[in-house]
Structure formats: C-alpha cells, structure tokens
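Peer 1: I have a structure I would like to understand better, so I am pasting it below and will then ask my questions one at a time.
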Amino acid sequence: MRYISTRTGGDLRTFTKILLEGLAPDGGLYVPERYPEISTKELDGMRTMSYPELAYTVFSRFADDIPATDLRRIIFDTYTKERFGSDEIVPVKRIDDGLYLLDLSEGPTLAFKDIALQLLGRLFEYALDKERATLTILGATSGDTGSAAEYATRGRKGVQVFMLSPYGRMSEFQRRQMYTLQDENIFNIAVRGTFDDCQDLVKCLNEDAAFKQRYHLGAVNSINWARIAAQVPYYFWGYFRATGSNAEQVSFAVPSGNFGNVLAGYIARRMGLPIKELVVATNENNVLEEFFTTGRYRPRKSGEVVATSSPSMDISKASNFERYLFDLVGRDGTRLRELWSDLRTRGSFDLARTPEFARIGETGLVAGSSAHADRLAAIRLFSAKYSALIDPHTADGVTTGLKHQEPGVPLLCLGTAQAVKFAGTIREALGREAPLPDSYRELAELPERVEIIDANADTLKRYITEHASQHCVSPHMAYTADLIRK
C-alpha cells in the first residue's frame, strides 16, 4: 500500500512514513493510492471474528510495511477488556426494530477518539523506536480529541504533547479530564477563540519549515491517515452485528465535526462494505449540511461559529473534507487546488450544477442538522422509551438519522461519547445527573495545569520554545505526526 497527497500526488510513501510525517509537504493530506477491496468471501470470514481480529484484518490492509507479527501484537495489546470494559470493545445495542446504537465510548476517556488514539499511541512509540527519533505533538481539540490523545501518549518515551483547546468552549468534564493531567510530557494551552482558531494555529506552525524541523513538530488532528484507518474496522463490526448475511445493506448516522468519523465509514463503503447511506449529522454549525444539500461550501468566520450544547461539533472547517472532495473531483489535484484557491480568495466555492455535485449521490452521503431543542428531545426519547442515556452529540446523530431511516434497512447510530461528559445538558433534558464513573470522581479534586493565550502564532511558538524538552529538539531531522481532531 502506497500513499499520495491530495494536492499534487507527490512521491509514493509507505504507511510508516506518513504516520511520522503527517501533513504532506505540499500542504495536502495523504490518501491511499487506491482503496483495498474486500470480497464477499472475505466478508463471510470476517463476520465471526473478535474485535481485535477484525481490526487487524482491516487495518493491516493500510499498514502492510509493518511486520505482521508486530502489528498483530500492537493491535491485540490495544483492544483489551481492561482498557475498553468488555471483550466486545465496541458494544452494539439493539434499541428498536431496525435501530441500533454503535457504542464507541467505552475507552479510557469515554469518547470514540479512544478507538483510534489508543492504537496510534502505540504505533508512534513503535515507529519512533525503530527510527531512534522523537516527536513533539501539536494538536487542536474541540473537546474529546485532546484528552484521548493525551491519555494515549502520557508518559510515552520520546513524545511530548502541546494541546490547544478553545477557552471556555468545552464542557466542564472535558476540560477537567484534560487539564488535570500531571504528566511532564503533557502541556495544555487554552486559546481565546474557537476550535477553528486552534486548528489554524496548528497549520500555521506546521507551515514554518524551520520551526517544524527544529521541534520534530506534529499535530494530533485527523489529518493523519492512521487515525482514519483505525476507525474503519468498527463500521465492519457494526454491520456484522446488525445483519444476518452479507446480502443486506445498512445505514449509519454519524455526528460530524472534523469529518474524520464519517470519512472512515465512506472508506469502509469504498472497500466493499454494503452501506446504503452515511448520514452526516451536524448541529447549528451546519457547513457540511449546506454543501451536501446545495453544493456550496462556505466555512464560517470565527465570529460566526456558534457555541452549542454539542461542542465537539462546533467546527466550521472540517479538515478531512479535503480527502472526500479529492475523490469527488476524480482525484484531480489541479481541480482541488482550484477549489481551495476560490475558498481563499472568495471565502467559498460552489459545485451546484457541476458533474462533481451530481456524483455525491453515488458516494452514499446525505446530511442534515439539528438544534438544541432537538438534542434535548432525543435524549428524553431514548431515556423514556428505550432506557438508554445518550450524550448531545449522539443525539444530533439520532435526530438526523431517524429522518433518513428507511424501512428494511437497519440504521446504526454512532454513540460518540458518554453522557456524563455533558452533565449540564443532561440535567436540562432529564432533570437529573448522569452517573459518574468511580474512576473519574477524583477529577474534581485535582489541580488544573493550563496556559491561556491569545490566538497568536508567535505567542504559541514562544511557549513551545520555553517548554519543549531538549530530547525533542534537533536542528536536523523532523518526524511529524498529525493524529486527529476535533
């Protein structure tokens, strides 16, 4: 398996190379030269696999330069009952006839990001050891990615983490889960602004080649292909548990912020998984809904991004949208650069009445949005009718997913986080508290370690310069790693 850039193609690279390199030198994102295909016979054999077996079978198609024995050990060490609470790893709960909840929130930080980041933390350590290299991870989070990345890399040899988050825009649980970590290789930075401001800072510092090289700079957003590849297996897992044979189709409802989660479903569909529709669920920040329904793509300015009760989706510029768009324009890097040029000069581009827009239906993606009142209603519905407690992001997915549900086609709604992480919204919806896991009661007693800064690249550079460990500073080689989001 070899990888190319969405912007120019460039030299073909191996999985391990792009794992450590992250963003392509031309500013594009890496994608496989071709998507691996899974035959019907192979699907039959995968149906009875355990989650670690399935994850290895799917993920190894994207990482064939890692020796099979090493990769299998890494994956089986990642997906354990001790770390995810059960042998299932990803429980699939039947809610009603044709309606399922694909629960991705059983990992260490109670959010779906753990599925990919627990694996990537080990992959980084493995690859850095092979290369005798070090890594400074620079990431941006709107809520859950930060804690998942930090819990996956805390104390790992040769890795330090500088995590940006939007000041005052995360839930209290999300904030304390990140800021109370005391590990010396973890640095939390709250930025006065939105998630998009944080993400822009990450990209700005990555564009400074000298700074990037000196600090072995990387980022933990889903611009790293490895995170997408690590999420693909749970679409196969969910499909097998909602169907009795591979002749059936299913649809998935996916709460969407940075587009990485639904992109993984799109990749699974391209590989041959019988998915009818992927429902892109947005909140009041509905840039993606506008694109999929009208063809116009117009990311909002910082002041236009609304702070909502599903804060991890308060994103205007979805990084992984570029990978989808690359396929939509026929993998034509020149055409993609033209659209990005329009975006920079005009603030938007419009594919309405173009062949590209006409092809959206072939990709299986549809979209919708919901508001705060819809989230409250969905949380109440699942509690009263199904005795299930869902968080506001999952509620966005449920609300939009049910609007697209078709008779005879099972709908799997992705459960992206546990409700306790958004206690205020749960109290408003149900008039009671969400149960707090025993392991997290101590969060309220721990001190917070965080630096608050303005959205200024020079300020961020100074902070990293002052706090970066010497073992992660070098004037020579740089190994970048852009893990994930949101």
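Peer 1: Which residues, taken from the range 205-225, are surrounded by fewer than 20 Cβ atoms within 10 Å (Cβ to Cβ) and either touching a Gly at 6+ places or on another chain (Cβ under 6 Å) or assigned to a loop (DSSP other than H, G, I, E, B) (or both)?
Peer 2: Glu207, Asp208
Peer 1: If you go through the range 18-41 one residue at a time, how many are without any contact (Cβ under 8 Å) to a residue 12 or more places away in the chain and over 17 Å from Gly330 (Cα atoms)? Spell out the reasoning first.
Peer 2: Going through the range 18-41, the residues without any contact (Cβ under 8 Å) to a residue 12 or more places away in the chain turn out to be 34, 41.
Now narrow it down to the ones that are over 17 Å from Gly330 (Cα atoms): 41.
Total satisfying the criteria: 1.
Peer 1: While we're looking at this one, here's another question. Which of the residues that make up the range 82-100 are surrounded by fewer than 24 Cβ atoms within 10 Å (Cβ to Cβ) and either among the aliphatic types (A, V, I, L, M) or over 24 Å from Leu389 (Cα atoms) (or both)? Quick ask: steps written out before the conclusion?
Peer 2: From the range 82-100, those surrounded by fewer than 24 Cβ atoms within 10 Å (Cβ to Cβ) are 82-88, 91-100; that's our starting set.
Answer for the range 82-100, where residues must be surrounded by fewer than 24 Cβ atoms within 10 Å (Cβ to Cβ) and either among the aliphatic types (A, V, I, L, M) or over 24 Å from Leu389 (Cα atoms) (or both): Val92, Ile95, Leu99.
Peer 1: Within the range 1-21, how many residues turn out to be of a type in the set (S, T, N, Q) and closer than 18 Å to Arg337 by Cα?
Peer 2: Of the residues in the range 1-21, the ones of a type in the set (S, T, N, Q) are 5-6, 8, 14, 16.
Checking the rest, the ones that are also closer than 18 Å to Arg337 by Cα come to 5-6, 8.
Matching residues across the range 1-21 total 3.
Peer 1: Among the residues of the range 190-199, how many are crowded, with 23+ Cβ neighbours inside 10 Å and either farther than 14 Å from Lys317 by Cα or among the hydroxyl-bearing types (Ser, Thr, Tyr) (or both)?
Peer 2: Count: 2.
Peer 1: While we're here: Among the numbered criteria (1) modelled with pLDDT under 95; (2) in a helix (DSSP H, G or I); (3) surrounded by fewer than 22 Cβ atoms within 10 Å (Cβ to Cβ), which single criterion is violated by Leu123?
Peer 2: With (1) modelled with pLDDT under 95; (2) in a helix (DSSP H, G or I); (3) surrounded by fewer than 22 Cβ atoms within 10 Å (Cβ to Cβ) applied to Leu123, the lone miss is (3).
Peer 1: Out of all the residues in the range 45-58, is one or more under 23 Å from the mean Cα position of the chain (by Cα), surrounded by 19 or more Cβ atoms within 10 Å (Cβ to Cβ) and farther than 25 Å from Ser105 by Cβ?
Peer 2: The answer is no; no qualifying residue exists.
Peer 1: Considering the range 272-288 alone, what residues qualify as being assigned to a loop (DSSP other than H, G, I, E, B) and either free of Cβ contacts under 8 Å to residues at least 24 places away in the same chain or on the phi < 0 side of the Ramachandran plot (or both)? Quick ask: steps written out before the conclusion?
Peer 2: To start, the set of residues in the range 272-288 that are assigned to a loop (DSSP other than H, G, I, E, B) comprises 272-274, 283-286.
Selection gives Leu273, Pro274, Asn283, Glu284, Asn285, Asn286.
Peer 1: Another question, then. Report yes if some residue within the range 426-435 is at pLDDT below 95, part of a loop (DSSP other than H, G, I, E, B), among the small types (Gly, Ala, Ser) and closer than 30 Å to Pro108 by Cβ; otherwise report no.
Peer 2: For the range 426-435, residues at pLDDT below 95, part of a loop (DSSP other than H, G, I, E, B), among the small types (Gly, Ala, Ser) and closer than 30 Å to Pro108 by Cβ: present.
Peer 1: If you don't mind, another one. Spot the failing condition for Thr57; the list is (1) closer than 30 Å to Leu20 by Cα; (2) out of contact with any Asp or Glu (no Cβ under 9 Å at 6 or more places or on another chain), and only one is missed.
Peer 2: Single failed check for Thr57: (2).
Peer 1: Quick one: how many residues across the range 468-486 are within 27 Å of the chain's Cα centre (by Cα), of a type outside the set (Phe, Trp, Tyr) and either at pLDDT 80 or above or not in a helix (DSSP H, G or I) (or both)? Don't jump to the end; show me each part of the working.
Peer 2: First, the residues of the range 468-486 that are within 27 Å of the chain's Cα centre (by Cα): 468, 472, 478-486.
Subset that is of a type outside the set (Phe, Trp, Tyr): 468, 472, 478, 480-486.
Next cut, either at pLDDT 80 or above or not in a helix (DSSP H, G or I) (or both) only: 468, 478, 480-486.
Matching residues across the range 468-486 total 9.
Peer 1: Further, regarding this structure: Considering only the range 302-335, state which residues are over 20 Å from Arg227 (Cα atoms) and within 22 Å of the chain's Cα centre (by Cα). Outline the logic, then answer.
Peer 2: Here is the first cut: in the range 302-335, the ones over 20 Å from Arg227 (Cα atoms) are 302-311, 314, 316, 328-335.
Across the range 302-335, the qualifying residues are Ser302, Val305, Val306, Ala307, Thr308, Ser309, Ser310, Pro311, Asp314, Ser316, Leu328.
Peer 1: Could you list, in sequence order, the residues of the range 436-463 that are of a type in the set (Asp, Glu) and at pLDDT 95 or above?
Peer 2: Step one: list which residues in the range 436-463 are of a type in the set (Asp, Glu), which gives 438, 442, 445, 448, 451, 454, 458.
Passing the criteria: Glu451, Asp454, Asp458.
Peer 1: Give me a count of the residues in the range 63-100 that are touching a Gly at 6+ places or on another chain (Cβ under 9 Å), among the aliphatic types (A, V, I, L, M) and part of a loop (DSSP other than H, G, I, E, B). If you could, list the steps in order and put the result at the bottom.
Peer 2: As a first pass, look at the range 63-100 and keep what is touching a Gly at 6+ places or on another chain (Cβ under 9 Å): 78, 83-85, 89-93, 98-100.
With among the aliphatic types (A, V, I, L, M) added as a condition, the list becomes 89-90, 92, 99.
With the extra rule that they be part of a loop (DSSP other than H, G, I, E, B), the set shrinks to 89-90.
Residues flagged as touching a Gly at 6+ places or on another chain (Cβ under 9 Å), among the aliphatic types (A, V, I, L, M) and part of a loop (DSSP other than H, G, I, E, B) within the range 63-100 amount to 2.
Peer 1: If you take the residues of the range 234-250 that are touching a residue at least 40 places away in the same chain (Cβ under 8 Å) and not in a helix (DSSP H, G or I), which of them is nearest to Ile89 (Cα to Cα)?
Peer 2: Thr243
Peer 1: Return the pair list, or none, for Cβ contacts closer than 6 Å from residues in the range 86-98 that are within 19 Å of Ser50 (Cα to Cα) and at pLDDT 95 or above to residues that are aromatic (Phe, Trp, Tyr) and part of a loop (DSSP other than H, G, I, E, B), at least 6 apart or on different chains.
Peer 2: Correct list of pairs: Ile89/Tyr79.
Peer 1: From Thr14, Thr40, Thr57, which residue is touching a Phe, Trp or Tyr at 6+ places or on another chain (Cβ under 8 Å) and of a type in the set (S, T, N, Q)? Steps first, please.
Peer 2: Working: Thr40 fails: touching a Phe, Trp or Tyr at 6+ places or on another chain (Cβ under 8 Å); Thr57 fails: touching a Phe, Trp or Tyr at 6+ places or on another chain (Cβ under 8 Å).
When all the criteria are applied, what remains is Thr14.
Peer 1: Name every residue in the range 39-91 that is of a type in the set (Val, Ile, Thr) and touching a strand residue (DSSP E or B) at 6+ places or on another chain (Cβ under 7 Å), in order of residue number. Walk me through it before giving the result.
Peer 2: Of all residues in the range 39-91, those of a type in the set (Val, Ile, Thr) come to 40, 48, 57-58, 66, 69, 74-75, 78, 80, 89-90.
Result: Val90, single match.
Peer 1: Please work out if Gly368 is outside any helix (DSSP H, G or I) and closer than 20 Å to Arg34 by Cα. Spell out the reasoning first.
Peer 2: Working: outside any helix (DSSP H, G or I): yes; closer than 20 Å to Arg34 by Cα: no.
Here the answer is no, as Gly368 does not meet what is asked.
Peer 1: List pairs: first residue in the range 306-331 and closer than 13 Å to Arg359 by Cβ, second residue of a type in the set (Lys, Arg) anywhere in the structure, Cβ distance under 7 angstrom, at least six positions apart or on different chains.
Peer 2: As it stands, the answer is Leu328/Arg359; Val329/Arg335, since those pairs meet every condition given.
Peer 1: Kindly indicate which of Glu150, Glu184 is assigned to a loop (DSSP other than H, G, I, E, B), of a type in the set (Asp, Glu) and at pLDDT below 95.
Peer 2: When all the criteria are applied, what remains is Glu184.
Peer 1: Among the residues of the range 30-66, what is the count of those that are within 15 Å of Ser245 (Cα to Cα) and of a type in the set (Gly, Ala, Ser)?
Peer 2: 2
Peer 1: Out of Phe291, Phe357, report the one residue that is in contact (Cβ under 8 Å) with a residue 60 or more places away in the chain, surrounded by 19 or more Cβ atoms within 10 Å (Cβ to Cβ), among the aromatic types (Phe, Trp, Tyr) and assigned to a helix (DSSP H, G or I). Talk me through it step by step, then tell me what you get.
Peer 2: Numbers: Phe357 fails: surrounded by 19 or more Cβ atoms within 10 Å (Cβ to Cβ).
One residue alone meets the criteria, Phe291.
Peer 1: Step by step: first the residues of the range 148-189, then only those that are more than 19 Å from Leu135 (Cβ to Cβ) and touching a Ser or Thr at 6+ places or on another chain (Cβ under 6 Å), then the one that is surrounded by the most Cβ atoms within 10 Å (Cβ to Cβ). Which residue is that?
Peer 2: Let us first name the residues in the range 148-189 that are more than 19 Å from Leu135 (Cβ to Cβ), namely 165-180, 182.
Of the ones still in play, those that are also touching a Ser or Thr at 6+ places or on another chain (Cβ under 6 Å) are 165-166, 177-178.
Working: Ser165: 26, Pro166: 26, Gln177: 25, Met178: 28.
Restricting to residues being more than 19 Å from Leu135 (Cβ to Cβ) and touching a Ser or Thr at 6+ places or on another chain (Cβ under 6 Å), the top hit is Met178.
Peer 1: Going by the structure shown, is Arg296 surrounded by fewer than 17 Cβ atoms within 10 Å (Cβ to Cβ) and more than 27 Å from Gln405 (Cα to Cα)?
Peer 2: Criteria not met by Arg296.
The values are calculated or read from the model by the stated rules, or taken from the named source; none is laboratory data. In this text, all values refer to a predicted model and were calculated from it rather than measured experimentally. Please note: Cβ atoms are built from the backbone with ideal geometry, for glycine as well, and neighbour counts cover all protein chains shown.
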